[in-house]
Amino acid sequence: MTSCLCKASRGDAMKSLLAVVFVVALTQPHYAQVAEKPDVALEKDWQEYVTLLRTEESTASFFKKHAAERIKAWKEAAERREPHGQNLYARCLVQGIGVAKNESQAVAIFENVASKGDPVAMYNLGIFHANKQDWKKSNDWLRKSADKGETAAMTRLSITYCEGDGEPVDKVEAVKWAKAAAEKNDPMGMYMLGIAYSAGNGVAKDKNDGFAWLQRAAEKGQSSAMMVLGYEYEKGDGVPGHVRTVC
């Protein structure tokens, strides 16, 4: 009798164990899927932000358009250590957009994300320090970002060598960085390279190459390239004097 009871107990225990394994197997993939589900709205914000970052000189219009509505979501994403949310929320902290200005917190967030190899956070640190005219820190971060392939950092380094921001003015080096960005399909880099060829700044003057690069930039929505092309079509020659050149 005892033997039968033991066998029954072991049988019941095995059934219970199998039931637990089945439930876990059934539910675990679902939970994993929920945890890994992307934040679609955040990804949309991020793509719009980085596209503007690589197309125009300023991303102010992005934050003016979205910050009031999206700041809460960006903050929550930042608290989850989501890199895109951290970058966007820290940018708001730098300028006090939709949240109290807190530069030290912003820098801490950028540095945390940059320490994990995020090139946009490195770029944002470069711009932060440039605005403080701490050129050494700025250029160090910009180079780290450019080394990771961030084209916005490449175009900013072009401006660094054009204007002598912590480095000797070097038109050839300025064009080198603009070209590096342009060849990676960066619209701002295309625009800057087009202007360089058109004006003969840091490179042999070649209006055909200049026009070709400006046209490529305009096709990607770069507003200054559109303006320059409009001027050239209207006047038939030259570059407007108020347009930023590479140098």
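Some points to look at:
- Note on segment 127-175: residues that are closer than 22 Å to Asn185 by Cβ, in a helix (DSSP H, G or I) and not acidic (Asp, Glu) amount to 20.
- Residues in segment 196-227 that are of a type outside the set (Gly, Ala, Ser) and within 21 Å of Thr51 (Cα to Cα): Trp213, Leu214, Gln215, Arg216, Glu219, Lys220, Gln222, Met226, Met227.
- Within the option set Gly189, Gly210, being of a type in the set (Gly, Ala, Ser), closer than 12 Å to Thr151 by Cβ and part of a helix (DSSP H, G or I) holds for one residue only, Gly189.
- Residue within segment 112-121 that is within 23 Å of Gly149 (Cβ to Cβ), free of Cβ contacts under 8 Å to residues at least 24 places away in the same chain and over 15 Å from the mean Cα position of the chain (by Cα) present: yes
- Scanning segment 49-82 for residues being outside any loop (DSSP other than H, G, I, E, B) and not small (Gly, Ala, Ser) gives a total of 18.
- When segment 41-82 is filtered for residues that are within 26 Å of Glu219 (Cα to Cα) and of a type in the set (Asp, Glu), the ones remaining, listed by number, are Glu43, Asp45, Glu48, Glu56, Glu57.
- Ser104 vs. criteria loosely packed, with under 10 Cβ neighbours inside 10 Å, modelled with pLDDT of 65 or more and not in a helix (DSSP H, G or I): no
Table: residues versus (1) at pLDDT 95 or above; (2) buried (at least 16 other Cβ atoms within 10 Å of the Cβ); (3) farther than 27 Å from His129 by Cα; (4) assigned by TED's automatic domain parsing to the domain that holds Lys144.
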site: Ala180; (1), (2), (3), (4): yes, yes, no, no
site: Met190; (1), (2), (3), (4): yes, yes, no, no
site: Ala204; (1), (2), (3), (4): yes, no, yes, no
site: Gly230; (1), (2), (3), (4): no, no, yes, no
site: Val239; (1), (2), (3), (4): no, yes, yes, no
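- When segment 152-166 is filtered for residues that are small (Gly, Ala, Ser) and either at pLDDT below 95 or surrounded by fewer than 24 Cβ atoms within 10 Å (Cβ to Cβ) (or both), the ones remaining, listed by number, are Gly164, Gly166.
- The set of residues from segment 192-202 being crowded, with 23+ Cβ neighbours inside 10 Å and part of a helix (DSSP H, G or I) comprises Met192, Leu193, Gly194, Ile195, Ala196, Tyr197, Ser198.
- Residue selected from segment 57-81 under the condition touching a helix residue (DSSP H, G or I) at 6+ places or on another chain (Cβ under 9 Å), without any contact (Cβ under 8 Å) to a residue 24 or more places away in the chain and among the acidic types (Asp, Glu), by the criterion nearest to Asn112 (Cα to Cα): Glu79
The values are calculated or read from the model by the stated rules, or taken from the named source; none is laboratory data. Owing to the predicted nature of the structure, the values given are computational and were not obtained by experimental measurement. Reconstructed Cβ throughout: ideal geometry from the backbone, glycine too, with neighbour counts over all protein chains shown.
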